[in-house]
Amino acid sequence: MSISPLFFWAGGFLAVSLVGLFVSSKTIKIDLEKNGDLIVAMLTILGTLVSVLLGLLVSSADEQYRSMEACVNSEATSINEIFRLSHGLPQPTANILQDGCIDYCNKVISDEWPSMEHGVTSTAVTNAYMSLSDAVVKFRPANDGEASVQSALLSATSQIQQNRGLRIVASRSTWTRRLLPLILTCAIVVLTCSYLYVGKGSLLLHAVLVGLVAITLGTNIGVIYLMTRPFSSEWTIQPEGFELSKTAMQKYKSSLAPSATHEHSPAKP
């Protein structure tokens, strides 16, 4: 079992905070009798502002991460839908669509998912999608039933493209890089203010309290960092939906193969 990356975030903040406390104990000399009330007031305001900011950012990051998980699952579900609806079409179109669905899942898992870590799209997946879409668009229904199936297939292929576009955009987002300096600055300010009481009370107790603050800050910032990079962090979203869909579709195709072979085998004299 691997160690959660949050431990590294919390440990890093803890180490930095204790080093800062040690340096502050040697350098900072403040008359707390005269300035204590002012420091308390400022710390109260600052603590409230930072806690509200972190709370909002963690909530937003969690919502974004869950939304992207739903987007990936919806894309995989749409592939399943195309495979299922293809049974309502004649051959060879039905077989082309079924093979195209399996090929799309294969390409997404093996090619596009590793590429998204660097914000790069897969040409192979784009080609697989275009082949799938062309097979649906170019089909000419012979009756109302086939027309209804084609309409549902067009909706499913459109949904695939939309969800794929969303995850590609998310993999290229620079929101984390732009926001992280602000969050780290807030954390540094909070830790710096916590050193102002270094000359009052037990240094050991002060170190414990500063350490708890640092662990809380590190954990929250770590969550924000990991969840706002859904395809390039240690908490990357996995293509489980595509893997399950591919396995199910391949099993179905395999189950039909023996019967198909039997149907086309020559009769014994």
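The values are calculated or read from the model by the stated rules, or taken from the named source; none is laboratory data. Model, not experiment: these values are computed from the prediction. Note that each Cβ is placed from the backbone with ideal geometry, even for glycine, and that neighbours are counted across all protein chains shown.
Couple of notes before you dig in:
- Answer residue from the stretch 56-105, given it is without any contact (Cβ under 8 Å) to a residue 24 or more places away in the chain and over 24 Å from Pro141 (Cα atoms) and is surrounded by the most Cβ atoms within 10 Å (Cβ to Cβ) among those: Ser60
- Count of the stretch 123-147 residues which are small (Gly, Ala, Ser) and in contact with a Pro (Cβ under 9 Å, 6 or more places away or on another chain): 2
- Residue under evaluation Pro90, criteria (1) modelled with pLDDT of 90 or more; (2) assigned to a loop (DSSP other than H, G, I, E, B); (3) closer than 19 Å to Pro239 by Cβ, criterion not met: (3)
- Leading residue by the ranking (farthest from Thr77 (Cα to Cα)) among those in the stretch 152-179 that are in contact with a helix residue (DSSP H, G or I) (Cβ under 8 Å, 6 or more places away or on another chain) and of a type in the set (S, T, N, Q): Thr176
- Residues within the stretch 196-227 that are farther than 27 Å from Pro5 by Cα and either touching a helix residue (DSSP H, G or I) at 6+ places or on another chain (Cβ under 7 Å) or assigned to a helix (DSSP H, G or I) (or both), tallied: 8
- Count - residues of the stretch 106-133 that are free of Cβ contacts under 8 Å to residues at least 60 places away in the same chain and more than 17 Å from Leu166 (Cβ to Cβ): 12
- Set side by side, the residues Arg84, Arg66 differ, and just one is basic (Lys, Arg), at pLDDT 90 or above and more than 19 Å from the chain's Cα centre (by Cα), which is Arg84.
- Qualifying positions in the stretch 114-154 - of a type in the set (Asp, Glu) and surrounded by 14 or more Cβ atoms within 10 Å (Cβ to Cβ): Glu146
- Enumeration of residues in the stretch 229-258 that are assigned to a helix (DSSP H, G or I), surrounded by 14 or more Cβ atoms within 10 Å (Cβ to Cβ) and charged (D, E, K, R): Glu243, Lys246, Lys253
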